[in-house]
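The values are calculated or read from the model by the stated rules, or taken from the named source; none is laboratory data. Values in this document were obtained by computation on a predicted structure and should not be read as measured data. So basically every Cβ, Gly included, is an ideal-geometry build from the backbone, and we count neighbours across all protein chains shown. Calculation scope for accessible area: heavy atoms of the full protein, side chains included, ligands and nucleic acids excluded. Shrake-Rupley method; radii C 1.70, N 1.55, O 1.52, S 1.80 Å.
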Amino acid sequence: MREWIRLIVDVDYHPSDPGNTNWYCERTSYEKSALTAGKPLPYKDPGGLFGALAVTSVDEDGVELVYDGEHFTLSVAEPDARLDEGGRDYTEFELNVWLEHALVVEDSIAFYRQFCTKEGVAALRSADIARLTASCEPCAKYALGRWHYLLAPQEDSLQQAEALLREAMEAGVPDAYAALANMYCLGDTHEDRVDYPEYRRLLAESVARGSELGAYRLACRRIDGFYGVDAEPERVCAETAALLAAEQDPNPLWYSVLGYGWSVLEQSDKAREAYEAGVAHGCVGCCADLARLALRQDDREAYRRWMKEGMAQGCAWCCLLDADMSEEEYQANAPRYTYLICRQRENRLKRGIEGGEGLCAYYLGLYYLEGRLGFSVDRPRAISFLRRGAALGNSYCCSLLADVLEDESDSPQAFREAARLRLRAVRYDGGEDADMVDRMLEDFRSGLLDENRDEIESLWLPLASAEEADGDDGRWDAYV
């Protein structure tokens with residue numbers, strides 16, 4: 001649940017010069033407590049084009065304004081309106097009003113659902129973070145922990161995430177058990193080791209306590225059989241379909257689970273139907289699911305359509321559109337378009353990073369490292385992006401950053417950091433990439449990862465041995 005906290009009046013403007021896409025803004029804000037019926041609302045108007053604005057009524061649901069004799073109602077559900085537009089001196093102007101709203105910190109299903117997905121967490125605003133930080137409620141501790149873990153906004157976010165999630169878990173927040181379980185699964189706790197038994201224990205405990213996040217995570221593992229959970233996709237599909245039919249207000253994430261189950265069972269039409277229902281019910285991640293499904297079926301038109309739809313709805317993964325374009329495809333464009341294409345791609349990928357997608361950082365790091373697709377070679381900038389992606393838990397960023405650090409320095413410290421990054425890459429990838437595992441094991445045999453001997457000998461060495469013996473890609477069998 002959200003409530004509005006202030007009214008914003010913006011006069012947005014930009015020069016009409018060809019090719020100039022920069023917008024500027026003069027902003028005037030009014031706190032909700034300062035608004036009363038009949039109150040005039042003077043605002044900054046650099047163009048001098050727009051008329052008087054006033055309040056006609058105000059309540060907890062929203063505010064009604066009058067401008068040029070016309071009434072406009074703003075609410076949390078419909079928080080913005082364009083009141084007027086015009087131009088002068090080769091400049092275009094717009095008068096926009098909107099309500100700034102903030103999260104209501106409460107122990108409710110609706111509150112916890114926002115923190116089930118990366119997209120939900122990325123949608124938080126500064127006012128939301130301020131409210132969560134100021135609150136002593138366990139649900140706020142949990143929410144802040146998820147924010148730190150999924151978006152890594154600060155250098156020590158991983159440590160803060162664990163501390164906050166533990167505090168929330170000890171206070172009995174069910175979803176905190178599931179969130180902390182994921183940290184054990186990826187080796188992101190202070191213990192610095194992957195612990196699948198503890199992952200499964202905490203996940204089961206979260207489900208027993210009624211966690212939607214835990215039930216969703218467990219359902220996904222029961223579909224694919226990862227991390228030592230028995231695979232039973234048919235049963236999960238039946239259970240999920242029954243849940244969606246029975247519940248009055250189910251979490252839209254369950255449509256993604258159903259689509260995933262049908263996809264694993266190679267029922268593409270049913271998977272598409274489930275994902276499309278998910279989009280219709282507000283599951284933003286289902287846009288990415290549909291894009292990946294279209295890509296597997298070599299339907300480029302549907303792939304691009306769903307990637308664009310996902311970006312419009314705030315899906316960070318969908319910002320990867322055209323990230324894998326080849327140099328030949330890029331150079332095939334007319335020279336007058338290549339600069340624009342490069343900048344558009346950069347802006348998309350940066351938006352994806354803001355949404356917590358580490359793979360976007362990997363591509364930007366790669367572009368600046370190799371000078372590809374219109375990007376100039378800039379190693380410091382490349383390293384900065386790779387470090388950002390590593391903080392967001394991307395295995396490719398960890399692996400490439402390790403190589404770059406070794407290339408730039410032959411100091412023992414550089415080799416130790418590279419070894420740690422390769423171990424993180426294997427953890428985040430789950431051991432699926434044989435080359436990542438092999439490179440990490442080379443570091444281990446060189447004595448650079450002795451402190452993680454138990455984990456490596458119990459998980460990753462047997463995995464590599466099984467790969468050599470089987471000669472296939474069944475990389476999960478060794479520890480499942």
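Data for the structure
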read-out: Evaluation of GLU346 against (1) among the acidic types (Asp, Glu); (2) at pLDDT 95 or above; (3) under 28 Å from GLY314 (Cα atoms) (one fails), failing number; value: (2)
read-out: Residue check, ARG343 farther than 26 Å from ASN22 by Cβ and either without any contact (Cβ under 8 Å) to a residue 24 or more places away in the chain or of a type in the set (S, T, N, Q) (or both); value: no
read-out: Residues that are among the hydroxyl-bearing types (Ser, Thr, Tyr), in a loop (DSSP other than H, G, I, E, B) and farther than 15 Å from ASN96 by Cα, drawn from the range 34-56; value: THR36
read-out: Single unsatisfied condition, GLY187 versus (1) in a loop (DSSP other than H, G, I, E, B); (2) among the small types (Gly, Ala, Ser); (3) out of contact with any Lys or Arg (no Cβ under 8 Å at 6 or more places or on another chain); value: (3)
read-out: Scope the range 57-71; condition assigned to a strand (DSSP E or B), under 23 Å from ARG2 (Cα atoms) and either acidic (Asp, Glu) or open to solvent by 30 Å² or more (accessible area, probe 1.4 Å) (or both); matching residues; value: SER57, VAL58, GLU64
read-out: Close pairs (7 angstrom Cβ cut-off, 6 or more residues apart or separate chains): open to solvent by less than 40 Å² (accessible area, probe 1.4 Å) in the range 394-419, at pLDDT 95 or above and outside any helix (DSSP H, G or I) anywhere; value: ALA419/LEU448; ALA419/LEU449
read-out: Residue list for the range 181-240, restricted to those being over 18 Å from GLU432 (Cα atoms) and β-branched (Val, Ile, Thr); value: THR189, VAL207, VAL236, THR240
read-out: Filter pass, LEU202 being open to solvent by 50 Å² or more (accessible area, probe 1.4 Å), assigned to a helix (DSSP H, G or I) and in contact (Cβ under 8 Å) with a residue 24 or more places away in the chain; value: no
read-out: Residue that is farthest from PRO79 (Cα to Cα) [pool: residues in the range 9-44 that are touching a Ser or Thr at 6+ places or on another chain (Cβ under 9 Å) and crowded, with 16+ Cβ neighbours inside 10 Å]; value: TYR13
read-out: Options LEU373, LEU364, LEU423; residue that is buried (at least 17 other Cβ atoms within 10 Å of the Cβ) and at pLDDT below 95; value: LEU373
read-out: Any pair with Cβ under 8 angstrom, 6 or more apart, that starts in the range 94-107 at a residue that is closer than 13 Å to ALA140 by Cα and ends at one that is aromatic (Phe, Trp, Tyr); value: LEU103/PHE111; VAL104/PHE111; VAL105/PHE111
read-out: Residue, nearest to GLY210 (Cα to Cα), within the range 128-185, restricted to residues that are surrounded by fewer than 18 Cβ atoms within 10 Å (Cβ to Cβ) and of a type in the set (Asp, Glu); value: GLU170
read-out: Residue list for the range 109-157, restricted to those being of a type outside the set (Gly, Ala, Ser), in contact (Cβ under 8 Å) with a residue 40 or more places away in the chain and part of a helix (DSSP H, G or I); value: ILE109, PHE111, TYR112, ARG113, LYS118, GLU119, VAL121, LEU150, LEU151
read-out: Residue selected from the range 158-177 under the condition more than 15 Å from HIS190 (Cα to Cα), part of a helix (DSSP H, G or I) and of a type outside the set (Ser, Thr, Tyr), by the criterion farthest from the chain's Cα centre (by Cα); value: GLU170
read-out: Residues (touching a residue at least 40 places away in the same chain (Cβ under 8 Å), more than 13 Å from GLU100 (Cβ to Cβ) and of a type in the set (Gly, Ala, Ser)) located in the range 1-33; value: SER16
read-out: Pairs where the first residue, in the range 311-330, is more than 22 Å from GLY356 (Cα to Cα) and of a type outside the set (Asp, Glu) and the second is open to solvent by 30 Å² or more (accessible area, probe 1.4 Å) and assigned to a loop (DSSP other than H, G, I, E, B), C-beta under 7 Å, 6+ apart; value: TYR330/GLY374
read-out: Test set (1) at positive phi; (2) surrounded by 16 or more Cβ atoms within 10 Å (Cβ to Cβ) - TRP306 fails condition number; value: (1)
read-out: Residues located in the range 72-86, provided they are without any contact (Cβ under 8 Å) to a residue 40 or more places away in the chain and part of a strand (DSSP E or B); value: PHE72, THR73, ASP80, ALA81, ARG82, LEU83, ASP84, GLU85, GLY86
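The rows are residues; the columns are (1) out of contact with any strand residue (DSSP E or B) (no Cβ under 9 Å at 6 or more places or on another chain); (2) surrounded by 16 or more Cβ atoms within 10 Å (Cβ to Cβ); (3) assigned to a helix (DSSP H, G or I); (4) not charged (D, E, K, R).
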position: VAL236; (1), (2), (3), (4): yes, yes, yes, yes
position: GLY259; (1), (2), (3), (4): yes, yes, yes, yes
position: ASP269; (1), (2), (3), (4): yes, no, yes, no
position: ARG272; (1), (2), (3), (4): yes, yes, yes, no
position: CYS287; (1), (2), (3), (4): yes, yes, yes, yes
position: LEU293; (1), (2), (3), (4): yes, yes, yes, yes
